[in-house]
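A.B. asks: Pasting a structure below so you can have a look.
All of the numbers you see were taken from the coordinates with simple rules; none came from a lab. Note that the structure is predicted; figures quoted are calculated from it, not measured. Backbone-built Cβ (ideal geometry, glycine too); neighbour counts: all protein chains shown.
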Amino acid sequence: MDLLIQTIKEEGIVLSDSVLKVDSFLNHQINPQLMFEIGKEFANRFKEDGITKIVTIESSGIAPSVMAGLQLGIPVIFARKKKSLTLVNDLLTAKVYSFTKQESNDISVSKKYINENDRVLIIDDFLANGQAAIGLAEIVKQANAEIAGIGIVIEKGFQSGGKLLREQGYRVESLATIHSLNEGKVTFTLDKTE
Ligand code: G4P
Ligand code: NA
Ligand code: NA
């Protein structure tokens, strides 16, 4: 997606060979116009797939997901990372292992919002090692719903998540795929749609 790649080039900050900071439009300050275009792009890629719900994870998955949900006319559910006071019963839960933090955390969604009639699009902001997406997929499976695909704003193609998810048979659509962050420079893998 050209506008996204352009924005990453202009505003992304390479923190190391493996981490890209995008606080100016995605992870802290949010660019609503860009999010709107991101939502349109996800909706366009999945419009023929009979999606009934989008499932994401707080916090940075929410903005792009809401824009995609707006375009597709369907609700958006975000998995919570902390147990909430009001979210106590009938939870679907999965463990997500973070390689960076070397710890596992539970994520959860109320059973109320996903059921066996749903076809779910999973969306997240970054794809690194794929553990968050796998946790979200586990939750969707617990609800006996179908997973139609996984939409990612920024995939780090040099990390293992994309390969892992595609090997498991998931359709993964990334709007920008980073080939490398070496030497302080962002290079992209161009996909077929660009
Ligand atoms: P891992 O699988 O690679 O170990 O990822 P990890 O769980 O450690 O990821 C921790 C957080 O960092 C996640 O957000 C994830 O989306 C994000 N992340 C991973 N790689 C990058 C990167 O290169 N740049 C940026 N900006 N973020 C990255 P989170 O903690 O769930 O935070 P949020 O969704 O509330 O923003
Ligand atoms: Na994040
Ligand atoms: Na995230």
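A.B. asks: What's the tally of Lys pairs in region 4-100 whose alpha-carbon atoms lie under 17 angstrom apart, where the two lysines are 8 or more places apart or on different chains?
C.D. replies: Value for region 4-100: 5.
A.B. asks: Taking the chain as a Gaussian network, where each spring joins two C-alpha atoms under 10 Å apart, which residue of Gln168, Gln102, Gln159 fluctuates the most?
C.D. replies: Its mean-square fluctuation being the largest, the pick is Gln102.
A.B. asks: Separate question: Among 172-178, 130-136, how do they line up by average Cβ neighbours within 10 Å per residue, starting with the highest?
C.D. replies: By packing density, highest mean first, the sequence is 130-136, 172-178.
A.B. asks: Here's a follow-up. Along each of the three principal axes of the Cα atoms of region 94-168, give the extent in whole Å, ordering the values from largest to smallest.
C.D. replies: Extents along the principal axes, in whole Å: 36, 24, 20.
A.B. asks: So in the chain, what percent of DSSP beta bridges are antiparallel if you round to the nearest 5?
C.D. replies: On the way: 14 of 35 bridges.
Within the chain, antiparallel bridges account for around 40 percent of the total.
A.B. asks: Between Gln102 and Lys81, what is 0.36 nm times their sequence separation minus the Cα-Cα distance? Round to one decimal in nm.
C.D. replies: Between Gln102 and Lys81, full extension yields 6.0 nm more.
A.B. asks: Also, quick follow-up: Express in whole angstrom the spacing between the alpha-carbon centres of region 25-48 and region 108-154.
C.D. replies: Comparing the Cα centres of region 25-48 and region 108-154, I get a distance of 18 Å.
A.B. asks: I would also like to ask the following. Explain nothing, just compute: Karplus ³J(HN,Hα) = 6.51 cos²θ - 1.76 cosθ + 1.60, θ = phi - 60°, for every residue of region 3-15 in order, whole Hz, x for Gly and Pro.
C.D. replies: 4, 5, 4, 4, 5, 4, 4, 7, 10, x, 10, 7, 8
A.B. asks: If you keep only loop residues by DSSP, which GluC sites (Glu not before Pro) in region 107-171 have at most 14 other Cβ atoms within 10 Å of their Cβ? The partial results should precede the final answer.
C.D. replies: On the way: sites: Glu116, Glu138, Glu146, Glu155, Glu167; in loops: Glu116.
When the GluC sites (Glu not before Pro) of region 107-171 are filtered for loop state and at most 14 Cβ neighbours within 10 Å, Glu116 remain.
A.B. asks: Normalise the Debye intensity by I(0) for region 1-139, one equal point scatterer per Cα, no solvent, then take log10 at q = 0.09, 0.11, 0.16 Å⁻¹ and round to two decimals.
C.D. replies: -0.29, -0.43, -0.91
A.B. asks: Answer with one residue from Ile114, Leu70, Ser98: the one whose Cα lies farthest towards the positive end of the charge dipole of region 1-124, charges on Cβ with Lys, Arg +1 and Asp, Glu -1.
C.D. replies: Highest projection toward the positive end goes to Ile114.
A.B. asks: Gain in length, Glu116 to Glu11, computed as 0.36 nm per residue apart minus the alpha-carbon separation, to one decimal in nm? Intermediate results must be reported in sequence, preceding the final value.
C.D. replies: Numbers: separation 105, 0.36 × 105 = 37.80 nm, distance 4.12 nm.
Separation in residues times 0.36 nm, less the Cα-Cα distance, equals 33.7 nm.
A.B. asks: Based on the mean of other Cβ atoms within 10 Å per residue, sort peptides 120-128, 40-48 so the most packed one is first.
C.D. replies: Top of the packing list down: 120-128, 40-48.
A.B. asks: Of Val109, Val153, how do they rank once you tally other Cβ atoms within 10 Å and put the fewest first?
C.D. replies: Neighbour counts put them in this order, fewest first: Val109, Val153.
A.B. asks: Right, something else. What number, rounded to the nearest 500 deg cm²/dmol, is the helix-based mean residue ellipticity at 222 nm of the chain, given -39500 (n - 2.57) per DSSP H run of at least four residues and division by all its residues?
C.D. replies: Computed ellipticity for the chain at 222 nm equals -8500 deg cm²/dmol.
A.B. asks: While we're looking at this one, here's another question. How are the C-alpha pair distances of region 129-194 spread across 10 Å bins, as whole percents from the shortest bin up?
C.D. replies: 20, 49, 24, 7, 1
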